[in-house]
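Below you'll find the structure, written out as structure tokens, and then a few comments.
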């Protein structure tokens, strides 16, 4: 099922939360919405599900405008943050809840829920309650619930929130495997860039209630539409300067910018495009952070400060004077 959200505005208590949201999710796509807490991601999911009333715009599912349909008629499944399982029910009973609400008989519910439980590798904990299983297993239960009614669309609201590293990795793998197996159109909300980058076919970046950019993860990362998006993905070095005759100049830093017109400009220089050049230099090492397989150097010169990562082959220390090389054509420029 394809999903189109068109010109959607939403207000809460007189305050506008969403501004002219436009997204187009293709049938069978795993689409992520990425952004900081409070930017409106979860509110947008609730609007799509029919759980939050919007003041303008439309939600269109597979060509059908569903604005007037109540949540229970939309056949949209939602996996909430924290999973929201019933603490007094077993794993099997929790999985079967959507079928009970839909009016299936007890025997049918048990049969269908048991098959889904086995598919999600939960049969060994079938009789346990949510408090007695791991967070990753609770996530599997919530996803099993969502799949059981064969929804037209699945919405996932930060389902990995609160999971530690290994559990998060397990859940990322599970979500991608489940999506590829069932092919159900899925919208995944997260404030973790790794979640969105690893899982998504396409992603939208959201800020202050607006969609700022929508594209494949590689395009959003490599060609962020705004400086704010670039900063979200990388703690790079932002340097003010001026473009003159196809070159960005900021003190002694000069970078080629053949496609930019003259005028003031900010350069985002990501740490990965900076390296140490041979010979003495004008940059003084201020601080060194040991990061396992590599180290981060913080350096300064009278006109700017930079940080970047390098391997451990050289033992730099504060006070060392070094020269730097910045890869041509790799910096990002914003007006």
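The values are calculated or read from the model by the stated rules, or taken from the named source; none is laboratory data. The shown structure was predicted, so the numbers you read here are calculated from the model rather than taken from an experiment. Neighbour counts run over all protein chains shown; Cβ positions are idealised from the backbone, glycine included.
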Got a number for residues in region 290-320 being in contact with a strand residue (DSSP E or B) (Cβ under 7 Å, 6 or more places away or on another chain), in a strand (DSSP E or B) and more than 23 Å from residue 267 (Cβ to Cβ)?
3
Tell me which residues, restricted to region 124-138, are part of a helix (DSSP H, G or I) and at pLDDT 90 or above.
124, 125, 130, 131, 132, 137, 138
Complete set of residues in region 94-144 that are out of contact with any helix residue (DSSP H, G or I) (no Cβ under 8 Å at 6 or more places or on another chain) and either buried (at least 18 other Cβ atoms within 10 Å of the Cβ) or not assigned by TED's automatic domain parsing to the domain that holds residue 171 (or both)
142
State all residues of region 164-191 that are assigned to a loop (DSSP other than H, G, I, E, B) and touching a strand residue (DSSP E or B) at 6+ places or on another chain (Cβ under 8 Å); if no residue qualifies, say none.
184, 185, 191
Is region 275-294 home to any residue that is surrounded by fewer than 12 Cβ atoms within 10 Å (Cβ to Cβ), more than 20 Å from residue 312 (Cβ to Cβ) and within 34 Å of the chain's Cα centre (by Cα)?
no
Determine whether region 271-280 contains at least one residue that is touching a helix residue (DSSP H, G or I) at 6+ places or on another chain (Cβ under 9 Å) and at pLDDT below 90.
no
Does region 34-45 contain at least one residue that is part of a strand (DSSP E or B), surrounded by 13 or more Cβ atoms within 10 Å (Cβ to Cβ) and at pLDDT 95 or above?
yes
For region 209-222, how many residues meet the condition of being touching a strand residue (DSSP E or B) at 6+ places or on another chain (Cβ under 8 Å), surrounded by fewer than 17 Cβ atoms within 10 Å (Cβ to Cβ) and over 20 Å from residue 27 (Cα atoms)?
1
Check region 185-200 and report whether any residue there is surrounded by fewer than 16 Cβ atoms within 10 Å (Cβ to Cβ), modelled with pLDDT of 90 or more and more than 28 Å from residue 152 (Cβ to Cβ).
yes
Of all the residues that make up region 263-274, how many are under 26 Å from the mean Cα position of the chain (by Cα) and part of a strand (DSSP E or B)?
4
